[in-house]
Amino acid sequence: MQKEKLLMIPGPSPVHPRILNSLSLPTVSHVSPELVAELKEALTNLKKIVFCEEGEPFIVAGAGTLAMEMALLNTVGKGENLLVLSQGFFGERMTQIARSFDLSFDLIESEWGKAVLPEELEKKISEKEYRAVVSTHVDTCTGACAPVMEYAEKLKRRDILFIVDGVCATGGIEERMDDWGIDVILTAAQKCFGAPPGLSVLVLSERAMEKRREMKAIPAYYSDLLNWLPIMKDPSKYFSTPCVNEIRAFYEGTKIVLEEGMEKRFLRHARTAEAIRKALLALGFSLFTQEPFLADTLSVVQYPEEIEDKSFRSKFAENGVVVAGGLAEMAGKVFRIGHMGNLSISQVLFAIDALEITLSSLGYSFERSTGLKVAREILEETVS
Ligand SMILES: Cc1ncc(COP(=O)(O)O)c(C=O)c1O
């Protein structure tokens with residue numbers, strides 16, 4: 001039997017046995033009482049996870065990219081202006097989606113490894129009228145975490161919708177929709193929720209829903225959230241067959257998040273990130289992403305001179321841990337390690353031990369257990 005490997009790519013993240021168990025439950029009718037009850041509760045849980053009381057949650061078969069498309073198509077109409085804040089690959093993807101639907105947009109781009117500053121946003125919105133501003137909370141390509149709370153502060157009291165791509169943040173890094181004034185959070189199942197991929201997940205504020213209603217028709221059918229709203233309100237109704245098993249798995253994922261508690265979960269992600277990064281630095285690696293934009297959900301890491309990308313990652317996988325290579329022009333120069341979802345302390349220590357075994361097998365000289373010691377000290381604080 002093939003030995004299971006620890007998945008530490010920037011999503012999908014390792015799937016907890018409880019979630020796998022829910023996924024393997026029999027496929028029931030999509031309008032059965034069990035599924036209706038579980039979808040309803042998953043929707044309620046989702047709102048709690050993003051601190052939203054009055055808004056509308058949506059869980060639909062798809063992926064993060066579909067959620068990006070749904071967020072734009074249901075908030076920005078023809079002739080209205082969108083402002084895209086980009087710190088990497090997924091900010092650029094947002095502009096590609098806008099272009100595909102002929103939506104007019106402006107772009108503020110940061111250097112890769114950093115994020116757009118709130119002051120840059122403030123200046124731009126004082127020069128021109130925008131219907132919506134969209135930000136990638138954590139860009140999975142550069143590892144940069146945008147200051148979304150500060151962006152929201154700059155947008156407060158303005159008639160501008162604020163859209164946050166939380167695919168690599170929601171459920172692991174704080175996102176307070178009501179308190180901060182976020183109108184749309186778009187996300188997916190396979191990262192901080194620790195469920196298998198296959199769902200597009202969104203929460204829209206009342207203001208965003210009001211905007212959707214004002215828009216009347218939009219160039220979408222499956223992506224039109226007004227087609228899904230009656231189903232979210234009463235899942236015993238039909239629009240398109242939901243992915244039953246995936247919804248059961250995601251529901252279990254939302255329960256695990258709330259059982260842990262949001263503050264404790266945010267703190268665990270922050271501590272795990274610190275432990276992994278400090279261990280890597282102690283072993284001679286460096287970080288691509290710059291302070292203060294480091295993300296609690298993944299790290300983008302530059303190699304010491306002696307280490308070559310492909311042989312390192314394949315040896316690391318042989319030792320039981322799968323990490324990702326760099327995207328776009330960063331391929332070969334960095335590796336990306338995801339540390340999100342339901343990752344346990346023993347899994348983190350296993351990963352750092354496997355890292356040291358990998359470095360030894362590549363003939364890299366360092367003092368054995370250097371990384372483990374650093375990580376253990378930080379993680380022990382978490383449990384004490
Ligand atoms: C920030 C961000 N947005 C959007 C996406 C797209 O999600 P998906 O791959 O599920 O389509 C990703 C995927 O990694 C992402 O990290």
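So if I check each of LYS114, LYS211, which one is within 28 Å of GLN290 (Cα to Cα), modelled with pLDDT of 95 or more and among the basic types (Lys, Arg)?
Step by step, each of LYS114, LYS211 is checked, and only LYS114 is within 28 Å of GLN290 (Cα to Cα), modelled with pLDDT of 95 or more and among the basic types (Lys, Arg).
When the range 134-155 is examined, which residues are found to be of a type in the set (A, V, I, L, M, F, W, C) and within 16 Å of the ligand (Cβ to nearest atom)?
VAL134, VAL138, CYS141, ALA144, CYS145, ALA146, VAL148
Give the number of residues within the range 103-138 that are part of a helix (DSSP H, G or I), of a type outside the set (A, V, I, L, M, F, W, C) and touching a residue at least 40 places away in the same chain (Cβ under 8 Å).
1
Any chance you could count how many residues in the range 369-384 are surrounded by 12 or more Cβ atoms within 10 Å (Cβ to Cβ) and either among the hydroxyl-bearing types (Ser, Thr, Tyr) or in contact with a helix residue (DSSP H, G or I) (Cβ under 7 Å, 6 or more places away or on another chain) (or both)?
10
I'd like to check something: does the range 208-231 contain any residue that is surrounded by fewer than 19 Cβ atoms within 10 Å (Cβ to Cβ) and within 16 Å of the ligand (Cβ to nearest atom)?
yes
Could you please give the count of residues in the range 139-155 that are in a loop (DSSP other than H, G, I, E, B) and either surrounded by fewer than 24 Cβ atoms within 10 Å (Cβ to Cβ) or among the aliphatic types (A, V, I, L, M) (or both)? Outline the logic, then answer.
Just the residues of the range 139-155 that are in a loop (DSSP other than H, G, I, E, B), to begin with: 140-143, 146-147.
Next cut, either surrounded by fewer than 24 Cβ atoms within 10 Å (Cβ to Cβ) or among the aliphatic types (A, V, I, L, M) (or both) only: 146-147.
Adding up the residues that qualify gives 2.
Confirm whether THR27 is part of a loop (DSSP other than H, G, I, E, B), away from the ligand (no atom under 16 Å from the Cβ) and either open to solvent by 60 Å² or more (accessible area, probe 1.4 Å) or at pLDDT 95 or above (or both).
Numbers: part of a loop (DSSP other than H, G, I, E, B): yes; away from the ligand (no atom under 16 Å from the Cβ): yes; either open to solvent by 60 Å² or more (accessible area, probe 1.4 Å) or at pLDDT 95 or above (or both): yes.
Judged against the criteria, THR27 is a match.
Residue under question is GLU92, and the condition is that it be over 14 Å from THR187 (Cα atoms) and within 12 Å of the ligand (Cβ to nearest atom); does it hold?
Values: over 14 Å from THR187 (Cα atoms): yes; within 12 Å of the ligand (Cβ to nearest atom): yes.
Spelling it out, GLU92 is indeed over 14 Å from THR187 (Cα atoms) and within 12 Å of the ligand (Cβ to nearest atom).
May I ask you to list the residues in the range 156-181 that are open to solvent by less than 20 Å² (accessible area, probe 1.4 Å), closer than 21 Å to LEU103 by Cα and either more than 15 Å from the ligand (Cβ to nearest atom) or not aliphatic (A, V, I, L, M) (or both)?
ILE160, LEU161, PHE162, ASP165
Restricting to helices (runs of 4 or more DSSP H) lying wholly in the range 286-384: which have 2 or more residues that are under 15 Å from ALA273 (Cβ atoms)?
Per the criteria, 345-361, 370-383.
Among the residues of the range 284-305, write down those that are touching a Phe, Trp or Tyr at 6+ places or on another chain (Cβ under 6 Å) and open to solvent by 20 Å² or more (accessible area, probe 1.4 Å).
Scanning the range 284-305 gives a single hit, GLN302.
Sort out which residues of the range 64-79 are open to solvent by 50 Å² or more (accessible area, probe 1.4 Å) and either farther than 13 Å from ALA188 by Cα or of a type in the set (Ser, Thr, Tyr) (or both), and write them in order of number.
THR65, LYS78, GLY79
Can we say PHE90 is hydrophobic (A, V, I, L, M, F, W, C) and part of a helix (DSSP H, G or I)?
yes
Got a sec? Which of ALA37, ALA71 is among the small types (Gly, Ala, Ser), assigned to a helix (DSSP H, G or I) and either within 16 Å of the ligand (Cβ to nearest atom) or modelled with pLDDT under 95 (or both)?
When all the criteria are applied, what remains is ALA71.
Is it fair to say ALA331 is of a type outside the set (D, E, K, R) and either open to solvent by less than 10 Å² (accessible area, probe 1.4 Å) or out of contact with any strand residue (DSSP E or B) (no Cβ under 8 Å at 6 or more places or on another chain) (or both)?
In short, no.
In this structure, does SER205 turn out to be closer than 20 Å to LEU85 by Cβ, of a type in the set (Ser, Thr, Tyr) and either touching a strand residue (DSSP E or B) at 6+ places or on another chain (Cβ under 8 Å) or open to solvent by less than 10 Å² (accessible area, probe 1.4 Å) (or both)?
In short, yes.
The values are calculated or read from the model by the stated rules, or taken from the named source; none is laboratory data. Just so it is clear, the model here is predicted, and its values are computed rather than measured. Note that we place each Cβ from the backbone using ideal geometry, even for glycine, and neighbour counts take in every protein chain shown. When the accessible area is computed, the model is the full protein with side chains, heavy atoms only, and any ligands, DNA or RNA have been set aside. Shrake-Rupley method; radii C 1.70, N 1.55, O 1.52, S 1.80 Å.
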